[in-house]
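Beneath this line is the structure, given in structure tokens, with notes to follow.
Readers should treat all values here as calculations from the given coordinates under stated rules, not as data from a laboratory. Since the model is a prediction, treat every value here as computed from it, not as a measurement. No Cβ is skipped: glycine too gets one built from the backbone with ideal geometry, and neighbour counts run over all protein chains shown.
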Amino acid sequence: MAFIDNVLQTPSYGWANSDGKLITPSLKQLYSEAFSRINVFKSKRNWIPFINWFMAICMLPFLFFFLFSYFSLPFLGAFILYAMIIMSTHGTIWFHRYSTHRAYTFSHPFWRFITQNLVLRTFPEEIYVVSHHVHHLKSDMPGDPYNSNAGIMYCMLSDVNHQSVAKNLSEEEYKKASHFLSHTGVMINSYAQYLKWGSIANPFYTVGLWILNWSFWYGIFFLIGGHGLACALFSGALFWFVLVRAFNYTGHGGGKVKHVDGIDYDRSNMSINQTRPGLFSGEWHNNHHLYPDSARAGFLPYQIDLAWIYIWTMKRLGAVSSYRDSKAHFLKRFSLNKEGKPLMATHEEVGVVE
């Protein structure tokens, strides 16, 4: 098998049948797989999918106190802002464009650490990064860890069912898999540690950074607005953490071809540009599939890209040393001017800004 076919842990129901067609598991199969994957009593090598859900469980008390002790309209506004824009944009900046696609580089590890911890931590980088590489190579095909053709719950439970690294990689395969995270600052296991823990990320680093991150941000939120604001924003992080999984379904048309002429230019997969994810987090998803290693995905005038604004600003401040911007290449490729209208004039090619 090719490396990319082998890097993720195959679910018990498999990716495809003997004819190569996608297997769509039942809801019972999906939940059975999920609870098997997070069972750390069965195997400590299940720790990373377990911690992924355990972090969400640890946020539930904050939600309880927000709803029943501190609820107010201003705190509700803070909840919505943090969940829908701040957490969402950070996901694009850190997990998507940097950790997965290396679309930009930092001038110093300090700025990388600051960007990594700009918001509350909700899941380990490993869960997102490795599986997202597979997603791009197998979009909407069997093996895509969040294949919208298999239904919304296939996507909602993908973080534990389909996104974990395989537990039986050879040393050479593990070296390739760990390279996906080598630039992120995540403490990476040796091959011997991988065989013991079943993960690329070191569990002590992962848990330690989580505790420090939550402690720091609870303190900051408390100093700004007391326990009420802290509980509201922790609840907002939980809301984003759960609903971001739905984007893997809706961002590929909910399993249907929904491309729109003049908006979705990549027809090699089912990804679409959606207004809310685009405006709120810079996730113009069809554009991103066209140019996955671009630090900017908002190419047309109305396609505001908050993630790109952050990266561009950090470049001007000296915190980012270089980035890739594919807007000019996009306009040239589709013969569009800056207003997104047909134009036959040429534009400069895509380049790396140093």
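Observations, loosely collected:
- Within the range 6-86: Cβ-based charge dipole about Cα centre, in debye rounded to nearest 20 (Lys, Arg +1; Asp, Glu -1): 260
- Each principal axis of the Cα cloud of the range 204-258 was taken in turn, and the coordinate range along them, longest first, works out to 48, 30, 11 Å.
- Rounded to the nearest 20 debye, dipole of the chain from Cβ charges on Lys, Arg, Asp, Glu: 300
- Sites Lys258 and Ile80 - FRET efficiency at Förster radius 30 Å, r taken between beta-carbons, to 0.05: 0.70
- Given charges at Cβ of Lys, Arg, Asp, Glu: the range 85-224 dipole, positive-most of Ile127, Asn147, Asn189: Asn189
- The Rg/Rh ratio for the range 224-306, using Cα coordinates for both the radius of gyration and the Kirkwood hydrodynamic radius, is 1.09.
- Assigned charges on the beta-carbon of Lys, Arg, Asp, Glu; the range 89-179 dipole about Cα centre (debye): 280
- Top of Arg112, Arg267, Arg324 by mean-square fluctuation, Gaussian network on the chain, Cα under 10 Å: Arg267
- Positive dipole terminus of the chain, leading residue within Asn269, Ser32, Gln163 (C-beta point charges): Ser32
- Flagged links, alpha-carbon separation over 32 Å, of Lys175/Lys327; Lys44/Lys256; Lys28/Lys256; Lys138/Lys327; Lys21/Lys176: Lys175/Lys327; Lys44/Lys256
- Pairs of Cα atoms in the chain fall into 20 Å distance bins, from 0 up to the last occupied one, in shares of 28, 60, 12, 0 percent.
- Radius of gyration and Dmax over the Cα atoms of the range 36-189, both given in Å: 17.3, 54
- Across the range 9-89, the convex hull enclosing all Cα atoms gives 162 Å³ per residue.
- Here is the P(r) of the range 174-313: all C-alpha pair distances, binned every 10 Å from 0, give 10, 24, 30, 28, 8, 0 in whole percents.
- Sequence-distant contacts, meaning Cα pairs under 8 Å at least 6 residues apart, place the relative contact order of the chain at 22 percent.
- Pairs of Cα atoms farther than 13 Å apart, the range 166-226, %: 66
- Taking every full run of DSSP H in the chain, the ones that stretch at least 20 Å from end to end by Cα along their long axis and average 1.6 or higher on the Kyte-Doolittle scale are 47-68.
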